[in-house]
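The values are calculated or read from the model by the stated rules, or taken from the named source; none is laboratory data. In this text, all values refer to a predicted model and were calculated from it rather than measured experimentally. Note: ideal-geometry Cβ built from the backbone for every residue, glycine included; neighbour counts use all protein chains shown. Side chains included, ligands, DNA and RNA excluded: accessible areas come from the protein's heavy atoms. Shrake-Rupley method; radii C 1.70, N 1.55, O 1.52, S 1.80 Å.
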Amino acid sequence: MGYAKNGTMLQCFEWYLPCDGSLWRRIAEDAGKLADAGFTSLWLPPATKGAFGNQGVGYAVYDLYDLGEFDQKGSVATKYGTCAEYLKAIEACHTAGLGVYADIVLDHKIGADEPEIIKAEECQTCNRELPVSGEEEIRAWTRFDFPGRHGKYSDFTWDSTCFDGVDWDDSRKKSAIYLFQGHNWNNDVNTENGNYDYLMGADIDFDSEKVTQELTKWGMWYADRTHVDGFRLDAVKHIKADFYRDWLSRMREHTGKDLFTVGEYWNPGVSQLEDYLRLVNGEMSLFDVPLHYNFKAASDDGYNYDMRNIFRGTLTAENPTHAVTFADNHDTQPGQALCSFVQGWFKPHAYALILLREAGYPCVFCGDWQGIAHDGIPAVGTQLEKLLAIRAKYAYGAQHDYFDDCHCIGWTREEYGMAVLLSAHGDSDKKMYVGRQHAGRVYTDALGNAQGEVTVDSDGNGLFYVKDGTVSVWLQKQAAV
């Protein structure tokens, strides 16, 4: 029986990449090598011009139509390069057989060209539904004219009527959350802080028909200009659910493509993720944030963590077809607001759990693949490289789980007779079934952590073993990795 090649995504950036405009060129140069390493798709960082020009990571969005083409915010290029280089990088990825997912940030705008005087009421920080003042005039940065673009691609001007609120009154030099007169925070958003519509900057009003029409027009333009294969959607819990439900439907209709999409809904509770998936009618997948936190807990607790529970309360367990699994990302790396970095000793365990099992669509973090120079964090290295190759070649077929010990868990995949063991503490072994068709075959640990050989018996079982705190992936001795 044949199986479709396992999909594996690479997040191609981390927070502290150099601001040298080289990323798009490097991706174009490395596309073939990344495909050979086992990746099938790349998640690229935001390509749109941000408020900090070529110094910003891309989430402080200024002009959605400027992909590094216009002299705005102090530069033509973004942190990652020019528009022409971005398009060449996508073309090179396609030539190498890689899908490309664009990072889309539509929640807010930052870096307005002019302020406006607006009536607004200040809201409580911890409950945005409750005012702490009456309406008063504030000076808010809400007018976006994009003078460097001169109306090319779109002459739409953003002003205060396009936003619900801001967090800065420039007249008083005061930081607070302000809701504009005549506006309400959007519904069907996360209920943290009473209503978590507001995140940062000038908060886009998704109840405005002219705004949603412009964002739909922009999405079609972006898809036509870049030919990307899908999207990573930023901060979806702050945007009313029916916007992306309808927007994605329109994008797919317009392009005639499936446009795989994963949303970032940052919440450790799986019920929250499932509720959101229902609201968007399953039009996207979500990152499995609860699984990331399980990895973090396991790496911190070590001996005291019960490995049998590693998938408890996760999207991978409850809704695997809509789960994008990951160990870490640019928000969880050291120094960031959501810092919850999985300890290095457990990284091979985490990647074995997302790369070698049936459930979920795994995403490898650039900081694990290449290291994080800013913090002196090395790449996971050979272990991760081998796990990727094993996923591409051997992680297929019926899966049998052996989650029967708090310190050691394992599973097998029948097609090529793979057996995986993870130890959080102590040496261990398990008798595991790899399939009668593999009887008599000799196995070795492809990761090299456990020495020796195992011969599969006539019933298709082998007594496989793993060393303290390591991962072993047992494959037939002749298997090439």
Problem set entry | Cβ pairs under 8 Å, 6+ apart, first in the range 322-349 and among the acidic types (Asp, Glu), second assigned to a helix (DSSP H, G or I) | ASP328/HIS292; ASP328/GLY367; ASP328/ASP368
For this session: Identify all residues within the range 307-317 that are farther than 16 Å from ASP401 by Cβ and surrounded by 17 or more Cβ atoms within 10 Å (Cβ to Cβ); write none if there are none.
Result: LEU315
Seminar exercise, completed: Over the range 360-382, the set of residues among the hydroxyl-bearing types (Ser, Thr, Tyr) and either over 22 Å from LEU475 (Cβ atoms) or open to solvent by less than 10 Å² (accessible area, probe 1.4 Å) (or both) is TYR361
Exercise. Quick one: what pairs do we get from the range 301-313, first residue within 18 Å of PRO268 (Cα to Cα), second open to solvent by 80 Å² or more (accessible area, probe 1.4 Å), C-beta under 8 Å, 6+ apart or different chains?
Worked result: none
Exercise. Restricting attention to the range 103-129, which residues are within 22 Å of the chain's Cα centre (by Cα) and either farther than 30 Å from ASN184 by Cα or charged (D, E, K, R) (or both)?
Worked result: ASP103, ASP107, LYS109
Exercise. Which ones in the range 1-25 are surrounded by 15 or more Cβ atoms within 10 Å (Cβ to Cβ) and either of a type in the set (Phe, Trp, Tyr) or without any contact (Cβ under 8 Å) to a residue 24 or more places away in the chain (or both)?
Worked result: PHE13, TRP15, TYR16, TRP24
For this session: Give just the number: which of (1) hydroxyl-bearing (Ser, Thr, Tyr); (2) part of a strand (DSSP E or B); (3) open to solvent by 20 Å² or more (accessible area, probe 1.4 Å) does TYR178 not satisfy?
Result: (3)
Exercise. Is at least one residue of the range 192-206 surrounded by 16 or more Cβ atoms within 10 Å (Cβ to Cβ) and free of Cβ contacts under 8 Å to residues at least 60 places away in the same chain?
Worked result: yes
Exercise. Considering the range 229-271 alone, what residues qualify as being surrounded by fewer than 19 Cβ atoms within 10 Å (Cβ to Cβ) and in a helix (DSSP H, G or I)?
Worked result: ASP242, ARG245, ASP246, SER249, ARG250, ARG252, GLU253, HIS254, THR255, SER271
For this session: Go over the candidates THR226, THR157 one by one and state the one that is in contact with a strand residue (DSSP E or B) (Cβ under 8 Å, 6 or more places away or on another chain), within 30 Å of ASP71 (Cβ to Cβ), among the polar types (S, T, N, Q) and surrounded by fewer than 16 Cβ atoms within 10 Å (Cβ to Cβ).
Result: THR157
Exercise. If we only count strands (runs of 3 or more DSSP E) wholly inside the range 383-442, which ones have 1 or more residues that are open to solvent by 10 Å² or more (accessible area, probe 1.4 Å)?
Worked result: 399-402, 408-413, 428-433
Problem set entry | Flag for VAL61 being in contact with an Asp or Glu (Cβ under 6 Å, 6 or more places away or on another chain), open to solvent by less than 10 Å² (accessible area, probe 1.4 Å) and either of a type in the set (A, V, I, L, M) or at pLDDT 95 or above (or both) | no
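Can you name every residue in the range 443-481 that is assigned to a loop (DSSP other than H, G, I, E, B), within 38 Å of the chain's Cα centre (by Cα) and not polar (S, T, N, Q)?
Scanning the range 443-481 gives ALA446, LEU447, GLY448, ALA450, LYS467, ASP468, GLY469, LYS477, ALA479, ALA480, VAL481.
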Exercise. Given the structure, is GLY74 touching a helix residue (DSSP H, G or I) at 6+ places or on another chain (Cβ under 8 Å), modelled with pLDDT of 95 or more and surrounded by 23 or more Cβ atoms within 10 Å (Cβ to Cβ)?
Worked result: no
Problem set entry | Top-ranked residue of the range 373-382 - restricted to ones that are part of a loop (DSSP other than H, G, I, E, B) and small (Gly, Ala, Ser), ranked as nearest to GLY426 (Cα to Cα) | GLY381
Exercise. Which residues, taken from the range 121-139, are out of contact with any Lys or Arg (no Cβ under 8 Å at 6 or more places or on another chain), assigned to a loop (DSSP other than H, G, I, E, B), touching a residue at least 24 places away in the same chain (Cβ under 8 Å) and not hydrophobic (A, V, I, L, M, F, W, C)?
Worked result: GLN124, THR125, ASN127, ARG128, GLU129
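Being touching a residue at least 40 places away in the same chain (Cβ under 8 Å) and buried (at least 19 other Cβ atoms within 10 Å of the Cβ) is true for just one of GLY81, GLY56. Which residue is that?
GLY81
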